[in-house]
1. So which residues in region 349-362 are modelled with pLDDT of 95 or more and not aliphatic (A, V, I, L, M)?
2. Could you run through region 38-52 and say how many residues are surrounded by 12 or more Cβ atoms within 10 Å (Cβ to Cβ) and touching a residue at least 40 places away in the same chain (Cβ under 8 Å)?
3. Condition first: under 19 Å from L413 (Cβ atoms) and in contact (Cβ under 8 Å) with a residue 24 or more places away in the chain. Now tell me which residues in region 288-301 satisfy that.
4. Within region 365-386, how many residues are more than 21 Å from the chain's Cα centre (by Cα) and touching a residue at least 60 places away in the same chain (Cβ under 8 Å)?
5. Residues to consider are R421, R411, R451; find the one that is of a type outside the set (G, A, S) and farther than 27 Å from L294 by Cα.
6. Within region 355-391, can you find the residues that are of a type outside the set (G, A, S), in a helix (DSSP H, G or I), touching a strand residue (DSSP E or B) at 6+ places or on another chain (Cβ under 8 Å) and buried (at least 19 other Cβ atoms within 10 Å of the Cβ)?
7. Within region 277-323, which residues are in contact with a Phe, Trp or Tyr (Cβ under 7 Å, 6 or more places away or on another chain) and aromatic (F, W, Y)?
8. Would you confirm, using the coordinates I've provided, whether G433 is at pLDDT below 90 and open to solvent by 30 Å² or more (accessible area, probe 1.4 Å)?
Amino acid sequence: EIRLRDGEVLARGPNVFAGYRNLPEETAHAFHDGWFRTGDLGFLDPAGYLHLTGRANTMIVTAGGKNIQPDELEAAYEEHPLIREIGILQKDEQLVALVVPKLSEIQAANDEDVAQVVRAAVKERSKQLPSYQRVVDLAITREPLPRTRLGKIQRHKLVERFTAARAEPGKVAARPGPLPIAEMTEDDRALLEDVAARKVWDWLAERYADKPLSPATSPQLDLGIDSMEWLNLTLGIGQRTGVELTEEAIARIDTVRDLLIEVAKAAEQPAGTVIAEPLAEPEKVLTADQKRWLTPLNSVQRALATGLFGLNRLLMRLLFRVRVEETMRLPADGQFVITPNHVSFLDPFAVAAVLTNDQLRRTYWAGWTGAAFRNLFFRFVSRLGQAVPIGPDRSVTTNLAFCAAVLKKGRSLVWFPEGTRSATGQLTPFRPGIGHLLGHFKLPAVPVMIRGAHEALPVGAAWPRFTQITVQFGEPVLPAALRQEGTGKTEEERLANALHDRVARLASSERKPQ
């Protein structure tokens, strides 16, 4: 016999057990008026069929009295392609979540930091759910969620896991610094017997001495390594071990252990293999398919490009009243690298709108693959605009080789040194990639401050507001001067930091529209 009580399925009959032997209290809790409390939740349809909807002990009751089955809600959130696992729990009468992201997919599809991407993914899914089912806070972890042998989440462990994931990185680990080799597993100790892997481990221990480091450490979540920081790592690894990590190898790296394994594999390549240096020999790094983005436009493409830039100039001036502040301080002759701040997808269109046709013909753009090359039409437009594909879906050496190849051809380059759009509109630190380029080619950098683009189309906005955008060019500066002004551990960091300060001074300077 079956019946329901407050949504819980009750059962009784000769095939249902009568109670726990010599445990009257447990028996009393397991039964209600002689009916066994199954712990399952469900309902009976008009035809008499029983439908099970979840377990009573996992039910979340919101402050507003709504009942939520977390496994159903988790399934809805896990439909997002960037969420590997999610555990829903209630904390302070609010829904919160412990999220395991798909790090490789995030690295391949975005150039933003992991936390920002995961929050955006959860927010995107929340918009498709009733308000009482929306997660209001989250914590990110690289560790799989605790599960039973049947694959069910061990929900009693989620609170502790959530609290640990929200703590500062230094508090999660037993201590900062590298894990002693003696405390590692036998497999990890064997891995460090490889000469190349051990060199990389020792270098990481020195470079991230203030952070917990173990073979299970996530380069992205624990060490804060983003797409451009991989540039420093791969170049440093190459200098210390003589190996080059391919794009495919980098895509497979989720932990320091994975990194060491890839280094050990790459070190097994035949002796005498020459590894191309992306700054000095970019043509040896790029494939034939990649080099086609660097070939000069033919006559038809040049005509289309001229029309495209003219249309952009017209639309930007009509819709956003784009203006140049003070004087456009670009070198009359030769090459230069334009380095604007980055707050909106409108930024490159604003800069292009104030350059002359002659300057545009001699200039290439570092374009993010996630936007400028995401479909056939965008790739066609990017080709006419002389953009080269830059992004975390490519190895950092390939990104650097693209830009180096442009500069070796005598062309100028527009590079957004922040690496990603600022969500607040405020200037964020510059990535060291610009320092690598300027340090090698010794070309003048032109700091640029774009104002109004954040208000017109901020990060996350679907439609623009037609407010005025202004572009201010600073004085061109040579790397030698930046090197003296900047601070940092490496030359690349000093160049990037000094250039950042130059752009910051433009942000605070008095504006004189022309």
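1. F349, the sole residue that qualifies.
2. Matching residues across region 38-52 total 2.
3. Q290, K291, W293, L294, L297
4. Count: 5.
5. Details: R421 fails: farther than 27 Å from L294 by Cα; R411 fails: farther than 27 Å from L294 by Cα.
Going through R421, R411, R451 in turn, the sole match is R451.
6. Answer for region 355-391, where residues must be of a type outside the set (G, A, S), in a helix (DSSP H, G or I), touching a strand residue (DSSP E or B) at 6+ places or on another chain (Cβ under 8 Å) and buried (at least 19 other Cβ atoms within 10 Å of the Cβ): just T369.
7. Across region 277-323, the qualifying residue is only F320.
8. For G433, the condition - at pLDDT below 90 and open to solvent by 30 Å² or more (accessible area, probe 1.4 Å) - is not met.
The values are calculated or read from the model by the stated rules, or taken from the named source; none is laboratory data. Just so we're clear, the structure is a prediction, and the values are computed from it rather than from any experiment. As a convention, Cβ positions derive from the backbone with ideal geometry for all residues, glycine included, and neighbour counts pool all protein chains shown. Each accessible area value is taken on the protein alone, full model and side chains, heavy atoms only, with ligands, DNA and RNA left out. Shrake-Rupley method; radii C 1.70, N 1.55, O 1.52, S 1.80 Å.
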